[in-house]
Amino acid sequence: MAISESARPGTATRPASFAEAPDGERRRRPLRSYWPQYVAVAPFYILFLVFGLFPVVFSVVLSFTQWDGISKLKFVGLAQYAFLVQDPRFWTSVANTLIIWVISTLPMLFLALLMAFILHQNIRGKGFYRVAFFIPNVTSLVAVAVVFSSVFSDSFGLINNALTALGAANIPWLSSDWGIKVTIAVMVIWRYTGYNAIIYLAGLQSVPTDLYEAARVDGASSTQIFFRITIPLLRPVILFTLITSTIGGLSLFTEPQVLFGTGASASSAGGPGDAGLTIVLYQYVQAFFNFDFGYASAIAWALFVLSAVVAFINFRLLRDRDDAMGDRKVPMFQRRRAAARARSRAAESDAVSASRQTREEVRS
Amino acid sequence: MSISSDPDLLVLWYWTRSINPNLLDQAARQIPDSTKRLRADVVGGNYDSKLRTSLAGGAYIPDIAGVNSNCSLYFPNEERFVDLNPLGGSELKSQFYDWKWQLGTTPKGRMCFWPMDTGPTGLYYRNDLFAKAGLPSDPDALGEAIKTWDGYLDVGTQLRKKLDIALDINAGAVFGCYLNSSEERYFDRQDRPIFSQSGSAVRKAWDLAVQAAKLGVTGNLQTSNDQNAGWSSGRVAGHLEAVWWGPILADTAPDTKGKWRLANQPVKPGNSGGSFLMVPTTSKDPQAAFDFIKWLTNAENQAKTFNTIQLFPSTPASFTGDTLKSDNSFYGGQEYQTFFRKAAEQVPITYVSPYENLCAPFGSELTNVETAGKDPNQAWDDAVAAVDQVLHKRGLV
């Protein structure tokens, strides 16, 4: 990963020693003699070719055709893409995806950071909280959707009942444009805040405690410590969670799909007014309800382009920060911060590897 | 290529609760009047896309397959399915409801989708709430009062005025029910769109549904949780739906047992849902497959299926004698099965086009009118434009 590679001191020396190796003999040995190694790694590559690469390549081909899934493929050139750029429903889905992504990711990452910060203080029952934070992440999404649609139900929901009891008006959570987006965002926040908090917690634990102690001795408040020490030191971890949340946010599908159910008809996909219709959900409807695989593939590639643009922005943000370190145009206060950052580099890289480790442990 | 290589074994694909398990057990030992056996595989998830995948790949295709009420989706590829008429199907035509038989007949007149169960519709309503509102609560009297859709709107308006409750969940339910009881739908038999012509059935259904929403006859309940809560709490006093909805309602609102009744819906009943069986041309023994189908759907076995899993027969002869049993306690003793048998006799013959799934914008625009107060004329124009655009892209206009 880019973050950890750039942050890890000493990686630059290893490739150099490789290049110096004068061992030309080894490289000229025939491929045949390596067959046991190739056989050993073959299962993964064969599965990847069949289930990974082939569908990807085939979807490129499909996006230039009209195909209903049974009849013969009919090549239509760029017609699917031409339709795509002027399809208002597609643009609605793009806007929905971006809006839901913003209103879910920003509060979620802030909440997660806050929770991790509190957990990192010496409070009791840390183990309990860590498990409790993780449970939403492993709960079946269908069950979650059932609960959420009851809680947010327009006329019989818990929230609206509470609002009525307080004398406020009912909010049509599941039938108005913003109500639907907020409900989906709340589902995402509920599900992933704990996950991100655990990653931040791992990052926090590798921040040297003497920094905090020094700040306390100097009379800094908890708020000051949080914003002046915790957040700057966790920057690589925050960027990591931002990137994973971007990937998740752009491919948001299950939440709106189970919330409104596409089982009965394609018209209910995404809820009233298409307010919860995300890009991947629209692609799913085109492929498996309208049986228009060509158009669904075109949508998939449009999503790829969008993801690439967002990834590029992420990459630029990251690179610019790193360049700023030695840049002469950096103002004084930033240079001072850069010096502080240099001191904590080792700590940062540990934080990232710790967070990766947590993630891998969780995955397994 | 078939799924099983055993020449004496036919493989059937179906989904849960679509075929009587007792009959499948019997066929697993031996298909009656045949030397073959049957293996029945339940296929979960998105049934149609799995079936289409096997047909597209030309491999692992079942010898017999169930198809839901969207069987017309397969009409453009009808050459992939066996015409069951020459195998002895045509002789049995008179035993089935003609409208059901027509639904399974392709535009070229081939019988590729054999009738299983049906879904005649009617008005489920809360007898006690109607009485409380001073409205006709007896099934016959109510049926008389809602003989026309104007009468239906009138009854719904009074329910809203007197008890502040809805007669149905949302405008979409009324829209769908109207179309399901109409001879004319979105397309004509040559698959040419007719919805935008003036006075089309789709437009009439639309106007009716918009009117129902405006008068508060429908309750603007768009999610199934809200809808279920509506019926069980008594804030929705009815629903226009098919026979198979009865058991679902009994599960959803068990506390309302004995308070529901059934009345004839306005004008005439329609059909909603109901499935079919088909034999792909790759089937290893189409004749044996048809023998199984013939046996599974004979009047006696359809009666058994109704008694076991409440799927409504497509053969009128299933009702003769006393073989059909039904528990009428949920409907206060009203004869559930007799009501729908009479409805089934009046369902009109219609044509469902393979391209109706592209007409979803009508449903979503109707929801916009009901939930967001969108101008109905604007919503109609938007729906027509959206469907036209897709039909144009598909080369259908």
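Computed extension gain for B:K214 through B:D25, at 0.36 nm per residue and net of the alpha carbon distance, reaches 62.9 nm. For region B:30-73 versus region B:78-132, the inter-centroid distance based on Cα atoms is 19 Å. For chain B, the longest principal axis of the C-alpha atoms and the axis of helix B:360-372 are separated by about 20°.
With the cut-off at 1.5 for a/c, could you classify region B:91-133 from its C-alpha gyration tensor as rounded, prolate or oblate? It is prolate, given that a/c is not under 1.5 and a/b is the larger ratio. Computed from Cα positions, the angle between helix B:299-309 and the longest principal axis of chain B comes to roughly 60 degrees.
Distance between the C-alpha centres of region B:175-229 and region A:79-110: 30 Å, rounded to the whole angstrom. Just checking the listed ones, B:G122, B:G143, B:G199: in the Gaussian network model of chain B with Cα springs under 10 Å, the one fluctuating most is B:G199. The equivalent ellipsoid that matches the C-alpha gyration tensor of region A:170-322 spans semi-axes of 40, 20, 11 angstrom, in descending order.
Each peptide in A:194-202, A:298-306 was scored by the mean count of other Cβ atoms within 10 Å over its residues; highest first, the order is A:194-202, A:298-306. Result for chain B in a Gaussian network model with C-alpha springs under 10 Å: among B:P86, B:P136, B:P107, the largest mean-square fluctuation is at B:P86.
GNM on chain B, alpha-carbon springs under 10 angstrom: the most fluctuating residue among B:I309, B:I61, B:I165 is B:I309. Could you work out how far helix B:47-57 tilts from the main Cα principal axis of chain B, as a 0 to 90 degree angle to the nearest 10? Once rounded, the angle reads 40 degrees.
Which entries in B:K132/B:K342; B:K36/B:K100; A:K72/B:K50; B:K161/B:K214; B:K268/B:K342; B:K108/B:K204 show an alpha-carbon gap greater than 21 Å? Walk me through the numbers before you get to the answer.
On the way: B:K132/B:K342 28 Å; B:K36/B:K100 28 Å; A:K72/B:K50 18 Å; B:K161/B:K214 13 Å; B:K268/B:K342 11 Å; B:K108/B:K204 29 Å.
Too far apart for the 21 Å limit: B:K132/B:K342; B:K36/B:K100; B:K108/B:K204.
The label-point distance for B:E345 and A:S222, in a model that sets each label 7 Å from Cα toward Cβ, rounds to 7.8 nm.
Grab the beta carbon distance between A:F54 and B:D41, set R0 = 22 Å, and tell me the FRET efficiency rounded to 0.05.
Numbers: r = 26 Å, r/R0 = 1.19.
So, using R0 = 22 Å, E works out to roughly 0.25.
Of all the Cα-Cα pairs you can form in region B:202-353, what percent are over 26 Å apart? Every Cα pair in region B:202-353 considered, those over 26 Å come to 41 percent. Compared with the direct C-alpha span, the chain from B:E144 to B:N307 gains 55.6 nm at full extension, assuming 0.36 nm per residue.
Both radii are taken from the alpha-carbon atoms of region B:341-397; with Rh as the Kirkwood radius, Rg/Rh is 1.14. Computed from label points 7 Å out along Cα-Cβ, the spacing between A:L106 and B:D33 is 7.1 nm. With semi-axes defined as the square roots of five times the eigenvalues of the C-alpha gyration tensor, the equivalent ellipsoid of region A:34-122 measures 39, 32, 8 Å, largest first.
Computed over chain B, the range of Cα coordinates on each principal axis works out to 67, 52, 35 Å, biggest value leading.
Please say if region B:287-397 is rounded, prolate or oblate, where rounded means a/c under 1.5 for a ≥ b ≥ c the square roots of the C-alpha gyration tensor eigenvalues, and otherwise the choice is prolate for a/b larger than b/c and oblate otherwise? Please list the in-between numbers first.
Numbers: a/c = 3.74, a/b = 1.79, b/c = 2.09.
Oblate.
A viscosity of 1.002 mPa s and a temperature of 20 °C, combined with the Kirkwood radius over Cα pairs in Stokes-Einstein, give a translational diffusion coefficient for region A:69-161 of 117 µm²/s.
Quick one: A:M187, B:M111, fewest Cβ neighbours within 10 Å first, how do they rank? Could the numbers behind the result be given before it?
Values: A:M187 26, B:M111 23.
Going from least to most buried by this count: B:M111, A:M187.
Hydrodynamic estimate: the Kirkwood radius of the protein assembly as shown over Cα pairs, inserted into Stokes-Einstein at 4 °C and 1.567 mPa s, corresponds to D of 43 µm²/s.
What is the mean number of Cβ atoms from other protein chains located within 10 Å of the Cβ atom of each residue in peptide A:151-163, rounded to a whole number? Before the final figure, lay out each step's value.
On the way: counts 1, 2, 6, 9, 9, 9, 4, 0, 0, 0, 0, 0, 0.
Mean inter-chain Cβ contacts per residue within 10 Å come to 3.
Remark: spin-label model distance B:L396-B:D6 equals 4.1 nm, labels positioned 7 Å along the Cα→Cβ axis. Rg and Dmax over the alpha-carbon atoms of region B:41-147 stand at 20.4, 62 Å.
Only the coordinates and a few stated rules stand behind these numbers; no lab work does. Quick caveat: nothing in here was measured; it's all calculated off a predicted structure. Cβ sites come from the backbone with ideal geometry, for glycine too, and all protein chains shown count toward neighbours.
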